[in-house]
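Below is one structure; the comments refer to it alone.
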Amino acid sequence: MFIINCPYCGERDQSEFSCGGEAHIERPKQPTELSDDQWAEYLFMRKNIKGIQFERWNHAHGCRKWFNVVRDTSNDKIHAVYKMGERPPLK
Amino acid sequence: MKNKYSIFSLIKNALSNHENWQRAWRDPEPKKEYDAIIVGGGGHGLATAYYLAKKHGMTNIAVVEKGWIGGGNTGRNTTIIRSNYLWDASAGLYDHALKIWENLSQELNYNVMFSQRGVMNLAHNLQDVRDLKRRTHANRLNGIDAVWLNTEEVKKFCPIINTSPNIRYPVLGGTLQRRAGTARHDAVAWGYARGADAMGVDIIQNCEVKGIKRNGDRVEGIETNKGFIKTKKIGVVAAGHSSVIANMAGIKLPLESKPLQALVSEPVKPIIDTVVMSNAVHAYVSQSDKGELVIGAGTDAYISYTQRGSHDVIEGTLKAILELYPIFSRMKMLRQWGGIVDICPDASPIISKTNIKGLYFNCGWGTGGFKATPGSGDLFAHTIANDEPHKLNAAFNLNRFVSGDLVDEHGAAAVAH
């Protein structure tokens, strides 16, 4: 349980949001040309990091907009929040 | 073999004020090399070591555990055991475990307090009714005991359930597996540890894996805080931390780790003599032998390794519990905790070889691994010893995420994810 600073609405309780998992997984540009291994990699395989993770969140019970969060999964501390399409902060 | 536990050993030790009991397992320093190393000293890991030694004659092996044995999810679950899964592959896997449970105390000479008090799954809407009836039929075709109960029969089986048609999610019926039940979770870890240790397995606690050494496509050993240990076979049974270990070996797994919570109430006199689970409203409850209500809540909907869990999750669960069991409305909750569960996209586990020779994973049990502990250990031991899966765990390979042969058990997994 923690507070997320929605870039559109400000600080709200985490229970207002839903998590979309690991961020910056690009949908393959030519899915039909992928091998089964590559498709599995895209669809199922996750870093599932213990530590600093880049992830997508949706303010489901608020503005309903998607954005990105940099969060430490070992202690749930949020290090940065940035909008979709923005460059992820290094570190 | 160590001293056998019996009524006579109990009397003998009572006469000396219980001061002369033997240690149940040794506390060895790691050797330079083992034939196999199991990473993770929970129930599944210890069971794997036990069956490797017992059935496959591999006694020069070690279990390394970063904390103390049974201190992870083995000691954090709600101890429910059942095998009423939908698909043939799952039914085979979980019922294999249930059959071992039925004789486990005798086999280990350690009372795991396995109690076949029955597990009832409730249906709260028409789709639940259809799904659960279908699952009952599938179970029976697979030789697993399952019966459908209508609302009156549910009430008769567990009289404290509120079966009023006027509640938000009325009870429309349920399934019952009478062979299902509970066991004492710590005893499972301790019993397997004692049994494995007696056959020469080294159980090394406070030994955290820091790296996996590879030579090309095969493993050479593990780096730990107690130094490098050489081995040709590594079996990883690290539950929520499976991805962390996989990362050390340079591979990715289809897992997400999330906190799953449970809580217990103050102890009261016997009030519920079975296990009742409800997927739709997300509440399950049983009563421990100490008299505490054991209540399972849901997972947080985001990746986290914090072993805590969010308050709104238990709040939702307790709301459902109170509606279904108004008699509990004035009970006080005593303790709450979280464990990190590794969830697979198809809610089925992975007991599998990997592309790296000598590296095996037993993971992805998600919210329901405890019930499978003996079977999981047995099958994983077979997989490691023979470098090939047993026919019962062949379907639970890593490659199913490439081939598409998923074993979708979202309906039978108790915790919706």
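The values are calculated or read from the model by the stated rules, or taken from the named source; none is laboratory data. Being a predicted model, the structure only gives us computed values, none of them experimental. Neighbour counts run over all protein chains shown; Cβ positions are idealised from the backbone, glycine included. Heavy atoms of the whole protein, side chains included, go into the accessibility calculation; ligands, DNA and RNA do not. Shrake-Rupley method; radii C 1.70, N 1.55, O 1.52, S 1.80 Å.
Per residue of chain A, the DSSP helices (runs of n ≥ 4 H) give a summed -39500 (n - 2.57) that works out to -2500 deg cm²/dmol at 222 nm. A simple rule links phi to the HN-Hα coupling: the Karplus curve 6.51 cos²θ - 1.76 cosθ + 1.60 with θ = phi - 60°, which for segment B:67-79 gives x, 10, 5, x, x, x, 5, 4, x, 10, 8, 9, 6 Hz, with x for Gly and Pro. Pull out a ≥ b ≥ c, the square roots of the eigenvalues of the alpha-carbon gyration tensor of segment B:121-161, then state rounded if a/c is under 1.5, prolate if not and a/b is larger than b/c, and oblate in the remaining case. Oblate.
Cα convex hull, segment A:3-83: 99 Å³ per residue, rounded to a whole number.
The mean number of partner chain beta-carbon atoms within 10 angstrom of a residue's beta-carbon across peptide B:304-313 is 5. Packing here is the average count of other Cβ atoms within 10 Å per residue, and on that basis the peptides B:136-147, B:166-177, B:115-126, highest first, run B:115-126, B:166-177, B:136-147. Averaged over its residues, the protein assembly as shown has an accessible area of 45 Å² per residue, based on protein heavy atoms and a 1.4 Å probe. Where does the Debye-calculated log10 I(q)/I(0) of the protein assembly as shown sit at q = 0.06 Å⁻¹, using only Cα point scatterers of equal weight, no solvent? Relative scattering, expressed as log10 I(q)/I(0), comes to -0.29.
A protection proxy built from the mean count of other Cβ atoms within 10 Å ranks the segments B:10-21, B:57-68, most packed first, as B:57-68, B:10-21. Centre-to-centre separation between the Cα atoms of segment A:1-79 and those of segment B:317-383: 24 Å. Taking the inverse of the mean reciprocal distance over all distinct Cα pairs, the Kirkwood hydrodynamic radius of chain B comes to 21.9 Å.
The mean number of Cβ atoms from other chains found within 10 Å of a Cβ in peptide B:251-263 is 3, as a whole number. Note on chain B: helix-only mean residue ellipticity at 222 nm, from DSSP H runs of 4+ residues weighted -39500 (n - 2.57) and normalised by residue number, equals -8500 deg cm²/dmol. In segment A:20-64, the residues whose accessible area drops by at least 40 square angstrom when the other protein chains are added to the isolated chain are A:44, A:45, A:46, A:48, A:50; the probe is 1.4 Å and only protein heavy atoms count. Taking other residues whose beta carbon is less than 13 angstrom from the beta carbon of residue B:33, and scoring Lys, Arg as +1 and Asp, Glu as -1, yields +3.
Based on the alpha-carbon gyration tensor of segment B:257-353 and its eigenvalue square roots a ≥ b ≥ c, which shape applies: rounded if a/c is under 1.5, prolate if not and a/b is larger than b/c, or oblate?
prolate
Shown in residue order for segment B:86-91 are the 3J(HN,Hα) couplings computed by the Karplus curve 6.51 cos²θ - 1.76 cosθ + 1.60 at θ = phi - 60°: 6, 7, 4, 4, 5, 4 Hz (x for Gly and Pro).
Could you give log10 I(q)/I(0) at q = 0.12 Å⁻¹ for segment B:71-173, computed by the Debye formula over C-alpha point scatterers of equal weight, without solvent? Normalising to I(0) and taking log10 leaves -0.52.
Can you tell me the order of B:73-83, A:41-51, A:1-11, B:398-408 when each peptide is scored by its average per-residue count of other Cβ atoms within 10 angstrom, highest first?
Order by mean packing, descending: B:73-83, A:41-51, B:398-408, A:1-11.
On association of chains B and A, roughly 2000 Å² of accessible area becomes buried (total for both chains; probe 1.4 Å). Just the protein heavy atoms count here, and of the accessible area of the protein assembly as shown at 1.4 Å, carbon and sulfur take up 51 percent.
Computed from phi, the 3J(HN,Hα) profile of segment B:11-17 under the Karplus parametrisation 6.51, -1.76, 1.60 (θ = phi - 60°) reads 5, 4, 6, 5, 5, 10, 6 Hz, with x in place of Gly and Pro. As a quick test, which of the pairs B:252/B:357; A:50/B:210; B:55/B:99; B:99/B:133 have an alpha carbon distance above 20 angstrom in this structure? In this structure, B:99/B:133 exceed 20 Å between Cα atoms.
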